[in-house]
Amino acid sequence: MNSSNNVERHPKTVNPNSSTFSLSVNGERHTLTLDNRTTLLDALREHLQLTGSKKGCDHGQCGACTVLVNGVRINACLSLAVMHEGDDIATIEGVGEADHLDPMQQAFVDHDAFQCGYCTPGQICSAKAVLEEIQAGLPSHVTYDLNTPIELNDAEIRERMSGNLCRCGAYANILKAINQVAEARS
């Protein structure tokens, strides 16, 4: 059931192993017929040729495959594509354009918050979601006081970004980039 419009949606079963379903990716509607075991990550990469989201560990531990589903970040490698009938998916390809970067992308460039770049798409999608979570008042494990607005600090950002690994170790610069965007918003 989609909480945004309270309408129950189901993929159409083609055969016992496949279903046809529709979803919106970066604002464009797609109808796919896929094996029911196809992950959202594989649907994006292999069937829609959106290769920005990376397959790192394929176990939901590295965050390289992070995308936004209806505004909430998920590890696309852990979610079946057929589960997303009618959902709005945002991948790194929908975040900005080469000649007009999203503020988070620009901050990553400004602070050299990437090295090899493999984890960067997932890091940027997560970083954008982190700021939205804090603004919405969603607590994390390190949120100190649940009765006051959440204080944006390094501990909150680190905790919320802990599901996104960077093998190159650009964490300090990623933190600076997120803080830059957060300060510009306030």
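Every number in this text was worked out from the coordinates using simple rules, so none of it is lab data. As the structure is a computational prediction, the values presented were derived from the model and not from experiment. Counting neighbours? That spans all protein chains shown, and the Cβs are built from the backbone with ideal geometry, glycine included.
Rounded to the nearest 5, the antiparallel percentage of DSSP beta bridges internal to the chain is 90%. Among 181, 69, sorting on how many other beta-carbon atoms sit within 10 Å of each Cβ, with the fewest leading, yields 69, 181.
Expressed in units of 2.2 N^0.38 Å, where N is the residue count, the Cα radius of gyration of the stretch 99-186 is 1.06.
Peptides 165-174, 77-86 ranked from most to least packed, by the mean per-residue count of other Cβ atoms within 10 Å: 77-86, 165-174. Taken about its Cα centre, the stretch 27-87 carries a charge dipole of about 180 debye when Lys and Arg each add +1 at the Cβ and Asp and Glu each add -1 at the Cβ. Ranking 178, 143, 114 by Cα position along the charge dipole of the stretch 103-185, where only Lys, Arg, Asp and Glu carry charges on their C-beta atoms, puts 114 farthest toward the positive end.
So for the stretch 12-94, considering every pair of alpha-carbon atoms, how many percent are separated by more than 16 Å? Summing the P(r) tail past 16 Å for the stretch 12-94 gives 45 percent. Charges were assigned to the Cβ only: +1 to each Lys and Arg, -1 to each Asp and Glu. The resulting dipole of the stretch 103-185 about its Cα centre is roughly 280 debye. So if we plug the beta-carbon distance of residue 83 and residue 118 into 1/(1 + (r/R0)^6) with R0 = 30 Å, what FRET efficiency do we get, rounded to 0.05? So, using R0 = 30 Å, E works out to roughly 0.70.
Rounded to whole numbers, the Karplus 3J(HN,Hα) couplings from phi for the stretch 145-158 are 10, 7, 9, 10, x, 5, 7, 6, 9, 4, 5, 4, 5, 4 Hz, using 6.51 cos²θ - 1.76 cosθ + 1.60 with θ = phi - 60°, and x at Gly and Pro. Between residue 141 and residue 12, the C-beta separation translates, for a Förster distance of 41 Å, into a calculated FRET efficiency of about 0.55. Taking every alpha-carbon pair under 8 Å whose residues sit at least 6 apart, the chain reaches a relative contact order of 20 percent.
Assuming charge only on the beta carbon of Lys and Arg (+1) and of Asp and Glu (-1), the dipole of the chain about its Cα centre is about 460 debye to the nearest 20. The alpha carbons of the chain stretch over 50, 40, 31 Å along the principal axes, in descending order.
So which trypsin sites (Lys or Arg not before Pro) in the stretch 1-99 end up in coil per DSSP with only 12 or fewer other C-beta atoms within 10 Å? Those satisfying the criteria are 37.
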